[in-house]
Amino acid sequence: MTNVLSVRTVFKNYSSVSVRRGFLWAHRWLGLVCGIVVVLMGLTGSFNVFYREIDAALNPAFFVPAGPEKSINLTEVVRIAAEADPAPIFAIVVPDKVWPVWVVMHTHEGPKDSFKNLWTTMIDPSNGRVLGQRDYTNAPVFMIYRLHYTLLLYEWGGKQVVGVVGFVLLGLALSGLYSWWPKQGRFWRSVSIRRGVSPLRFFVDVHNTAGFWALIVLLAISITGIGVVFPGVVRPVVGLLSKATPDRSPRIETSSPKGTPQLPPDEIMRIAQATKPTLSITVLNPPTETSNAWRIRFRPDDADPALRSRGAIWIDPWSGAIVQDRASDAMSMGDRYMTEQLWIHNGSTFGLFGRLLVFTAGFAPFALFVSGVTMWLKKRSSKIRINEAASTRG
């Protein structure tokens, strides 16, 4: 009986060591092979947390109105923007603390199957003056945003590649957690950087410490990043806990009598605000061929400006009727999560504190990659020296 128990104990210990080695092997080679891309995603993600603030600081002429007055309405904004740029209007960003001007986005003709060719017209809300226009798609700040979102490979499935990188980051985080899990009584020792240790031990400490303290945020970033790119994969999983329905823009099939004029944009905005009086309008999307209804996005009045929307409503441009309501107060928890994945991803759901957490966590992959590669090179060099010494003795 004692022999049987001993065999079971040995087998159990061997299995545990084998599993741990397997996770460590997967962690090491995932990091070495995909680490550069993960680092790029982390650093550009940190930049994107504050990309609008950076854009406003770098281009003050575009974002400084003449005064605090709001003298023009949305109908005038649309007219001024159309005179400045006759291309179709894709979105109208309402002035806020970061961009205190109207930002009208136009879609210009571009190569087929490429990223939208967006141009912007900035309009002073106090006097209606056009502050400037630019090729937004190729503006330096938005190029970094696109680098994070598609690796600038939109035409070649770059968005999907970034989604796969999200799976890689998730795998690195979970395999790293399993490989790191400390023995009883060694927790604080395993998540702190000690003085007076060897160079190898120092890099091990940096790797373990950075990985542990950034773990929760990196897990949230990877999971939400996967959901943003592959909503169809995540939605059924979320649906196990709460209803999560596809977010499709509606199309009005019963059109108004021929010749019926559409309501002016400022009337659409008035109806939207009256429908959700406790929320702030952030972005308006005029009717398109795909969806012939206005889409109006909202956020809570006290939310961080980086939280660009927490749901939306669609309005019939002829009658002003609400076609679809997917604002936060009308959605299930599952739908709210699917709608808000992007804002969890950049931390804005949790205000400035959340954004700072995500900004800081974006540097963790860089620290983990550098320390991990250094550890691997030092261990490899040590093994080579040992083998050479053994060969010499032989």
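The values are calculated or read from the model by the stated rules, or taken from the named source; none is laboratory data. None of the values given here were measured: they were computed from a predicted structure. Cβ atoms come from the backbone with ideal geometry, glycine included; neighbour counts cover every protein chain shown. What goes into the accessible areas is simple: the full protein's heavy atoms, side chains included, and nothing from ligands, DNA or RNA. Shrake-Rupley method; radii C 1.70, N 1.55, O 1.52, S 1.80 Å.
With n ≥ 4 as the cut-off for DSSP H runs, can you work out [θ] at 222 nm for the chain, using -39500 (n - 2.57) per run divided by the number of residues, rounded to the nearest 500?
Using -39500 (n - 2.57) per qualifying helix, the result is -18000 deg cm²/dmol.
Given the protein chains as shown and a 1.4 Å probe, how many square angstrom of ARG28 are accessible, to the nearest 10?
90 Å²
With a 1.4 Å probe and all protein chains kept in place, how do LEU131, LEU24 rank by accessible area, largest first?
Largest accessible area first, the residues go LEU24, LEU131.
Which residue fluctuates most in the GNM of the chain (Cα springs below 10 Å): GLU76, GLU253, GLU53?
Comparing GLU76, GLU253, GLU53 in a Gaussian network model of the chain, the most mobile one is GLU253.
Please give the solvent-accessible surface of ASP329 in Å², to the nearest 10, using a probe radius of 1.4 Å with every protein chain present.
Solvent-accessible area, nearest 10 Å²: 110 Å².
To the nearest 10 Å², what's SER332's accessible area with a 1.4 Å probe?
30 Å²
On the protein heavy atoms, probe 1.4 angstrom, tell me the percent of accessible surface of the chain carried by carbon and sulfur.
The computed percentage sits at 64.
Using a 10 angstrom cutoff on alpha carbons, build the Gaussian network for the chain and name the most mobile of ASN59, ASN285, ASN117.
ASN59
Using Rg and Dmax of the Cα atoms in Å as the read-out, say which of (i) 24.5, 75; (ii) 21.5, 75; (iii) 26.5, 96 was calculated from these coordinates.
Label of the calculated value: (iii).
Using a probe radius of 1.4 Å on heavy atoms only, what accessible surface per residue do you get for the chain? Whole Å² is fine.
Result: 55 Å² per residue.
Can you tell me which of 316-326, 150-160 comes out highest on packing, and rank the rest after it, using the mean Cβ neighbours within 10 Å? Mind dumping the intermediate values first?
Numbers: 316-326: 17.5, 150-160: 15.1.
Top to bottom by mean Cβ count within 10 Å: 316-326, 150-160.
Lys and Arg at +1, Asp and Glu at -1: add these up for the other residues within a Cβ distance under 13 Å of GLY132 and post the number.
Neighbourhood net charge equals -2.
Summing +1 for each Lys or Arg and -1 for each Asp or Glu, what net charge is found among the other residues whose Cβ lies under 15 Å from the Cβ of SER280? Could you put the intermediate results ahead of the total?
Values: positive: LYS70, LYS97, ARG270, LYS276, ARG297, ARG299, ARG308, ARG310; negative: ASP96, ASP301, ASP302, ASP304, ASP329.
Taking every Cβ under 15 Å from that of SER280, the sum is +3.
Please find, in a Gaussian network model of the chain (springs between Cα atoms separated by less than 10 Å), the residue of ARG310, ARG248, ARG201 whose mean-square fluctuation is greatest.
Residue with maximal mean-square fluctuation among ARG310, ARG248, ARG201: ARG248.
Please list, by residue number, every one of the GluC sites (Glu not before Pro) in segment 288-394 that is coil in DSSP and has at most 15 other beta-carbon atoms within 10 Å.
GLU289
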